[in-house]
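Working notes, beginning with the structure itself.
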Amino acid sequence: MMFKGEIRKQSPKNLLLLFQILALLLLLAYEQMHADKMIFIMAMGLILIIYLSNYLLIKISSGDNYIFLIVTMLITIGIIVIYRIDEKLGIKQLTWISLGIFLFFLVYFMVKRLKKIDDWLYLYLVLAYLLFIITFAFGDRKFGAINWVSFRGFAFQPGEITKIVLIFLLASYYSNTEKWRHIKYSSYYIMGVVYSFIALLFLQKDLGTALVFYIIFASIQFIYEEDRKLILYNIGLFLGSGVLGYVLFDHVKIRFQAWLNPWIYIERQGYQITQSLFAIAEGGFFGKGLGMGHPDFVPVVYTDFIFSAICEEMGIFTGIGIVMLFMIFVYRGFKIAISQENRFYRILAIGISTLFGIQSFIILGGVLKMIPLTGLTLPFISYGGSSILSSFIALSILQICSEDMTSREDTDE
Amino acid sequence: MYSILALIFKYIFIIVIYLFIFSIIRLIYLDIKSMDAISFEDRAYLKLINRKDSLPFKIDEHYIIDGDIKLGRQNNNDIVIKDQYVSKEHFQIVEDEKEYYLEDLESVNGTYLNGDKLYDIVKLKDGDIIRIGKIEFLFVNRE
C-alpha cells in the first residue's frame, strides 16, 4: 500500500527511477546464469547520473525541465533493448550515454557564456563545408551510404554534427536579416548553400539526412523569409529534384519500389522492411516480453530498426508511448520557441525541435512502411556514438534556448 | 523462471511508461490551463514569480485583488493553493481606502514579505514580494 502511495504522487522523475530499477531487477534475473558484476555497477552508475542530472538541472537552469526528463526516458527504453539485442553494444551504448550527458552539461555551460554567436555566419559556413570535405576525403561506405569517417578505429558520422551547424547557420542568417539586406539576393545565396549541402548528401547516398536538411530549411524559411515567392521556388525545386533523383539514381528507385511493394522483393531490397513488419506484428499489443522474441532476424536492428525490436518485445503500446514521448518533446520545443524573446535563440529552438520531430517521423514512418525507408537513427534510442552525442549537443542548446535571454543580458551589465 | 518474470514485467513496463507520460502531460496541462489574458490596468493584483510549470499543483499566473482576499489550502478561500506548505488559511489582504494590508493568519510555515517573516499587519506597496513555502508572488499596484 505504501508503494501505491508513492506512485500516486506521480512525480515523473520518480516514475523514471522506478522504471530503471525494475529494468535492473529483470536484468538481474536474466543474468543469473552468467553473472557479470561489471554491468550492474555500470547500469547503477548510469541510473545515478540520470537521477542526479535531472535533479541538478532544475537547480542550475531556469528554463524548461521536461525535455531532459523525456529524453532520459527514451534513452532508458533504448538501452534496455540494445543490451538485450547485443550485450557488448549495450555496454558501449552505456559509455556513449554517460559521455553524452557530460557533453550536455559542458555545452550548456560553454555556449551559455559565448556572446555574439549569432554573428558567426561565415564560421558556420566554413565548418559545414569542412565537415563535408572530411566525409568525402576519409569516408567509408557503410550500409550503402558514405557517411562514416574512421579515425584510429573510432568511427563517427560528420553528418550528425553538420545538422546542428546548419541550424546555427540558418538562425544566424534569419536573425540578422537587417544586416544582410545590403547584399542583393542574399536569401537566394543561403538557399543555394543549403541546396549544395543537400546535393553533397545526395552524392553520399545519405537520403535520410538530405531530407532532414531540406525540411529544417523549409520550415525556418517558411516562418522567417520575407520574400514569399522564394518558398514556392523552394517547394518547386524540391519536387523537381525529387523526380529527377528518382529517374537518375538507382538507389532512390530501389527504395521507392521496396516501399510500394516489398513483398515481391522479399529476397533482397524488401528483406529488411518485411522482417521489421513481421517483428512488429509478432509483438502484438503487449509484446513477447524482453528476451523472448527474435529481433535479430531484422538486419541492423540496433540502429535504424530499433523501433521494430521495441515493438516486438515490449509491445505496440510501448511503441505508441515512444511516439507520444516524441510528440510531447517537440511540443515543448515549440513552446520554448514561442516564449523565447531573442530571435536567434528562437530560430535555434524551432530548428532543433524540427530536427528531432522530423528525424523520428522519417525513421518511424520508414520502419512502419508508411513512407519510403531512408536510413536514419531514431534520436536518443538507436545505438550509435555520433548520433547520441550530437543529439545531446542539440538538446543542450534547446535547454539554453528555454531560458530567458533578456534577463540574462540585464544581469551581465 | 525468467520467462515468467519477463511476461509479468512487460505489463509493468508499459504501465510505468504510460504513468510517466501522463504525469508529464498533467503538469503541462496545468501549465497551459490558465494562459488566458486579462487586462490588469489600474488594478492591484498578485503576480506569480515562479515558473508555473515548476509547481506541481494548480496555480494561476495572476490573482486580481478585489476587495479583501484570503489565501489558503481550504476550498472556501478566495485563492486556493493545494500545496503542503500552505496552511488551511494562510494570509489575507485587506483593502482600506485604496491601500492594501497584508496579514498572516497564524500559518504554520509563515508568510515572508521581501524576505522577512511577517508578524504584524503590513501595508503593501508596489513591487513587494510575498513568499509562502516555495511560492513567490509579486504585489503590483499601479495607480
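How many of the residues making up region A:246-290 are touching a residue at least 40 places away in the same chain (Cβ under 8 Å) and under 25 Å from the mean Cα position of the chain (by Cα)?
Residues meeting the conditions: 12.
Only one residue in A:Glu282, A:Glu267 is touching an Asp or Glu at 6+ places or on another chain (Cβ under 7 Å), open to solvent by 70 Å² or more (accessible area, probe 1.4 Å) and either more than 30 Å from B:Ile12 (Cα to Cα) or more than 11 Å from chain B (Cβ to nearest Cβ) (or both). Which one?
Values: A:Glu267 fails: touching an Asp or Glu at 6+ places or on another chain (Cβ under 7 Å).
Answer to the selection: A:Glu282.
Give the number of residues within region A:59-110 that are within 14 Å of chain B (Cβ to nearest Cβ), of a type in the set (Asp, Glu) and open to solvent by 20 Å² or more (accessible area, probe 1.4 Å).
Residues flagged as within 14 Å of chain B (Cβ to nearest Cβ), of a type in the set (Asp, Glu) and open to solvent by 20 Å² or more (accessible area, probe 1.4 Å) within region A:59-110 amount to 0.
What is the one condition in (1) closer than 30 Å to A:Gln269 by Cβ; (2) at pLDDT 90 or above; (3) surrounded by 23 or more Cβ atoms within 10 Å (Cβ to Cβ) that A:Leu364 does not satisfy?
So A:Leu364 meets the others, but not (3).
Which is basic (Lys, Arg) and part of a loop (DSSP other than H, G, I, E, B), of B:Lys88, B:Lys70? Steps first, answer last, please.
Values: B:Lys70 fails: part of a loop (DSSP other than H, G, I, E, B).
Result: B:Lys88 is the single residue among B:Lys88, B:Lys70 that is basic (Lys, Arg) and part of a loop (DSSP other than H, G, I, E, B).
When region A:228-244 is examined, which residues are found to be farther than 24 Å from A:Ile338 by Cβ and charged (D, E, K, R)?
A:Lys229
Taking only region A:172-220 into account, find how many residues are among the acidic types (Asp, Glu) and not in a helix (DSSP H, G or I). Show your work before the answer.
Taking region A:172-220 as the starting set, the residues that turn out to be among the acidic types (Asp, Glu) are A:178, A:206.
From the residues that got through so far, the ones that are not in a helix (DSSP H, G or I) too are A:206.
Count: 1.
Does at least one position in region A:30-52 carry a residue that is out of contact with any Ser or Thr (no Cβ under 7 Å at 6 or more places or on another chain), open to solvent by less than 10 Å² (accessible area, probe 1.4 Å) and more than 21 Å from B:Tyr2 (Cβ to Cβ)?
The answer is no, given that none of the residues of region A:30-52 is out of contact with any Ser or Thr (no Cβ under 7 Å at 6 or more places or on another chain), open to solvent by less than 10 Å² (accessible area, probe 1.4 Å) and more than 21 Å from B:Tyr2 (Cβ to Cβ).
Identify the residue in region A:3-16 that is open to solvent by less than 50 Å² (accessible area, probe 1.4 Å) and modelled with pLDDT of 80 or more and, among all such residues, is farthest from the other protein chains (Cβ to nearest Cβ).
Among those residues, the one meeting the criterion is A:Lys13.
Assigned to a loop (DSSP other than H, G, I, E, B), small (Gly, Ala, Ser) and closer than 15 Å to B:His90 by Cβ - does that describe any residue in region B:111-132?
Within region B:111-132, the subset assigned to a loop (DSSP other than H, G, I, E, B) is B:111, B:114-115, B:118-121, B:125-128.
Next, only the ones that are small (Gly, Ala, Ser) stay: B:115, B:127.
With the extra rule that they be closer than 15 Å to B:His90 by Cβ, the set shrinks to none.
No: zero hits.
Criterion first (surrounded by 15 or more Cβ atoms within 10 Å (Cβ to Cβ) and at pLDDT 85 or above) does A:Ile235 satisfy it? Reasoning before the result, please.
Values: surrounded by 15 or more Cβ atoms within 10 Å (Cβ to Cβ): no; at pLDDT 85 or above: yes.
Criteria not met by A:Ile235.
Can you list residue pairs whose Cβ atoms sit under 6 Å apart, with the first residue in region B:9-25 being within 12 Å of A:Ile70 (Cβ to Cβ) and the second being open to solvent by 20 Å² or more (accessible area, probe 1.4 Å) and modelled with pLDDT of 85 or more? Count only pairs 6 or more apart in sequence or on different chains.
Hits for this filter: B:Ile21/A:Met324.
The values are calculated or read from the model by the stated rules, or taken from the named source; none is laboratory data. Everything quoted here is computed from the prediction, not taken from an experiment. Virtual Cβ from ideal backbone geometry, glycine too; neighbours counted across all protein chains shown. Note: areas computed on protein heavy atoms with side chains; ligands, DNA, RNA excluded. Shrake-Rupley method; radii C 1.70, N 1.55, O 1.52, S 1.80 Å.
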